[in-house]
Amino acid sequence: METLKNICHQFQIEKTILNIEVLTSGHINDSYLVSCSNDVNYVLQKINSQIFTNLNNIILNKVIVSSHLKKAYLEIGSKYQIAGFIKSKKDTFFIEAYKGCWTLMEYISNSKTIERAKNEKQVYEAGKLFGNFISKTSNLETEQIIETLPKFHSVPFRFFQFEKALNYASTSRKNEAQELIDLVFDLKFEMFQLSELKEKNTFPIRVTHNDAKLSNILFDQDDNGLAVIDLDTVMPGIVHFDFGDSIRSICSNTVEDSENLEQTTINLNYFEAYCKGFASETSNLLTTKEIDFLPLSVKTLIYIMGLRFLTDYLNNDVYYKTAFETHNLVRAKNQMALLKSAIKNYEEIKVITYRNFNLKNIS
């Protein structure tokens, strides 16, 4: 704790530090709740420099976007909040100490995170808040935001990584994954479409979160959306990245490493709730072409995640943390089962999407 206190004291805080406790210890970053006198609290975060190598630009993105949102919310008296960043005593927004890179942020009180949705209200609120994020950053010049993880949601790039892994994979791992490998090749043509359309400038480039999952939202105690958090992956992108990944992670009937593949299906009631919330904030902003391809983003983002898990399995598990030998294979099978469900229910997915965005089916 003394080490963490020493780190905190390098930032511009005046209150006495009373306690520091682990807030989250995630797959990427470690976060700590810093409790100070007069009920003033902060979040101290250690950023994983092995994953995020371009730290200056990542933190710059986070500061620009959070400052922009804070100003926007204050101007309209919004109920939404955003955690601002505290400067260091050297007038920077991060420090390097104890073999790590550290930031200190405001703590949003009376809030909670939810790992897995329990009802449609939570899903609706998630859709509304992520839609609000897209809406309220729409007047922020994307040129100010740096692409810190190039090709992060590029299917051609992920497919290239997959083929490279396939060339070097062991025979046993290829045999275990053969059914998934075949499916990846079978769906290749359709799954390349969004990336190709993006390269042709079919869609506006927007500020996107790029990790739009439920646990990256703060809720109040009544399950109302309160704040978008974890801006490490904020970059210029297309709206489909956030929409598709939210559906993938929020609207599955199982967790992403469940081996119950029969139950790994799209929850269409949750999908309807998310669409309703997202559309309430973005329907007047998005172009007809953007809305038309939202359903394809659902399939595409599931495919990307399944492809990434499969690639890591073929690479002998060098990227994702695993709890057992076939963990990545299980994850890949889960995502591909979810993709099959999305394909099976695709017409209904389109109907729900277009109805909530008041758009006739033009695909």
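Using amide H atoms built in the peptide plane, which far-off residues or other-chain residues are under 5 Å from THR208 H to H?
Sorted by chain and number, the residues that satisfy this are MET235, GLY237.
Given a 1.4 angstrom probe, what's the average accessible area per residue across the chain, in square angstrom?
With all protein chains present, the chain gives 47 Å² per residue.
Give, as a single signed number, the net charge of other residues whose beta carbon lies under 10 Å from the beta carbon of ILE114, with Lys and Arg counted +1 and Asp and Glu -1.
Details: positive: LYS112, ARG116, LYS118; negative: GLU115, GLU125, ASP223.
Local charge sum for ILE114: 0.
Taking only Cα atoms, what is the 0 to 90° angle, nearest 10, from helix 120-136's long axis to the longest principal axis of the chain?
70 degrees
May I ask you to derive the relative contact order of the chain, considering only C-alpha pairs under 8 Å and at least 6 residues apart, and to give it as an integer percent?
For the chain, the relative contact order is 18 percent.
Dipole magnitude of segment 1-142 about its Cα centre, charges +1 at Lys/Arg Cβ and -1 at Asp/Glu Cβ only, in debye to the nearest 20?
For segment 1-142, the charge dipole is close to 180 debye.
Relative to the longest principal axis of the chain, what angle (0 to 90°, nearest 10) does the C-alpha long axis of helix 346-356 take?
In the chain, helix 346-356 runs at an angle near 50 degrees to the longest axis.
Ordered by residue, what ³J(HN,Hα) values in Hz, to whole numbers, does segment 9-16 give under the Karplus form 6.51 cos²θ - 1.76 cosθ + 1.60, where θ = phi - 60° and Gly and Pro are x?
Listing the rounded values in order: 5, 8, 9, 7, 10, 9, 6, 6 Hz.
Quick one: which residues, 5+ away or cross-chain, put their amide H under 5 Å from the amide H of ILE217? H built at 1.01 Å from N.
For ILE217, the qualifying residues are ILE114, ILE229.
Round to a whole number: what % of the accessible area of the chain belongs to carbon and sulfur, probe 1.4 Å?
47 percent
Report ³J(HN,Hα) in whole Hz for each residue of segment 314-323, in order, from the Karplus equation J = 6.51 cos²θ - 1.76 cosθ + 1.60 where θ = phi - 60°; Gly and Pro get x.
5, 8, 6, 6, 9, 10, 7, 5, 10, 9
In percent, what relative contact order does segment 213-287 have, based on Cα pairs under 8 Å that are 6 or more apart in sequence?
Values: 47 pairs, mean separation 15.4, N = 75.
Rounded, it is 21 percent for segment 213-287.
Could you give the size of the charge dipole of the chain about its Cα centre, using +1 on the Cβ of each K and R and -1 on the Cβ of each D and E, expressed in debye and rounded to the nearest 20?
Roughly 420 debye for the chain.
Starting at the first residue of segment 296-301, write each ³J(HN,Hα) from the Karplus equation 6.51 cos²θ - 1.76 cosθ + 1.60 with θ = phi - 60°, in whole Hz, x for Gly and Pro.
Values per residue, Gly and Pro as x: 4, 5, 4, 5, 5, 6 Hz.
Which whole-number percent is the relative contact order of segment 25-169 (Cα, under 8 Å, 6+ apart)?
On the way: 126 pairs, mean separation 32.7, N = 145.
Reported relative contact order: 23 percent.
Just to confirm a number: summing +1 for Lys and Arg and -1 for Asp and Glu over residues other than TYR73 whose beta-carbon lies under 11 angstrom from that of TYR73, what do you get?
+3
Show that you can apply the helix-only estimate: for the chain, add -39,500 (n - 2.57) for every DSSP H stretch of four or more residues, divide by all residues, and state [θ] at 222 nm to the nearest 500.
Computed mean residue ellipticity for the chain: -14500 deg cm²/dmol.
List the residues whose amide H sits under 5 Å from the amide H of LYS87, counting only those 5 or more places along or on another chain, with H placed 1.01 Å from N in the peptide plane.
Amide H to amide H, under 5 Å and 5 or more residues apart or across chains, LYS87 pairs with GLN12.
Could you work out the local net charge near VAL22, counting Lys and Arg as +1, Asp and Glu as -1, over the other residues with Cβ closer than 12 Å to its Cβ?
-1
Given 0.36 nm per residue, what is the gain on full extension from SER35 to ASP220 after removing their alpha carbon distance, in nm?
64.7 nm
Can you tell me which of LYS340, LYS198, LYS299 moves the most in a GNM of the chain? Springs connect C-alpha atoms under 10 Å apart.
LYS198
Working with all protein chains in place, sort LYS136, LYS151 by solvent-accessible area computed with a 1.4 Å probe, largest first.
LYS151, LYS136
The values are calculated or read from the model by the stated rules, or taken from the named source; none is laboratory data. Note that the coordinates shown come from a computational prediction; the quantities given were computed from them, not determined experimentally. Cβ coordinates were reconstructed from backbone atoms using ideal geometry, including for glycine residues, and neighbour counts include every protein chain displayed. Accessible surface areas use protein heavy atoms only, side chains included; no ligands, DNA or RNA. Shrake-Rupley method; radii C 1.70, N 1.55, O 1.52, S 1.80 Å.
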